[in-house]
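We did not get these values from a lab; they are worked out from the coordinates using the rules stated. Just so we're clear, the structure is a prediction, and the values are computed from it rather than from any experiment. Virtual Cβ from ideal backbone geometry, glycine too; neighbours counted across all protein chains shown.
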Amino acid sequence: MAKKKSLIDLIQEAIDKGANSAEEIHRAIADKPLKLLLKIDVLSGPAKKIKRIQDESIGAIYDLIREINEQVAKYATEMLAQAREASKGKTVTSVRKSVAAAVKRVEKAGASAKRQAKAAAKRAPKAAAKKRAAAVGAVKRTVKAATAKQGPAKKAPARRGPKPGARAKAAPTAS
């Protein structure tokens, strides 16, 4: 006989599935410009590094969401267990205290998660900016090296004859 899932399990599973779907979509959208950069030989190295940082940042954020989801499920299970105990004879006051303590733990976990997400978000743009600057520098060096090999640009040969669009002078007629 299949094990009956509790409401908490169903909610936790739904949130996990939602986080997984959001993460897949987030990664797919974020990977599009990097796939184009990976095709350019000069930019493929920096693009790989940017992709690694991006993957780590996205992964950290969604791992954090899943971790918070687990903690909330644990606290909800504890609160329901305590509510069941209370209905068997404990006072309502002790349940309220337990619920308040659980809410504080959830808030604390949320604040910690928020700090971690902010730290990850701060690290990612700085690292990406450094990588972009390195990529731009690599392109500039490549262009400079290529132009140095070609030597100075040659002057266009001087035009002979009338300028384009100039009127031709009429030849003198003999009278």
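A few notes on this one:
- Legend: ranking of residues 5, 49 from fewest to most surrounding C-beta atoms inside 10 Å; resulting order 5, 49.
- With a cut-off of 14 Å between beta carbons, the residues surrounding residue 14 carry a summed charge of -1, where Lys and Arg count +1 and Asp and Glu -1.
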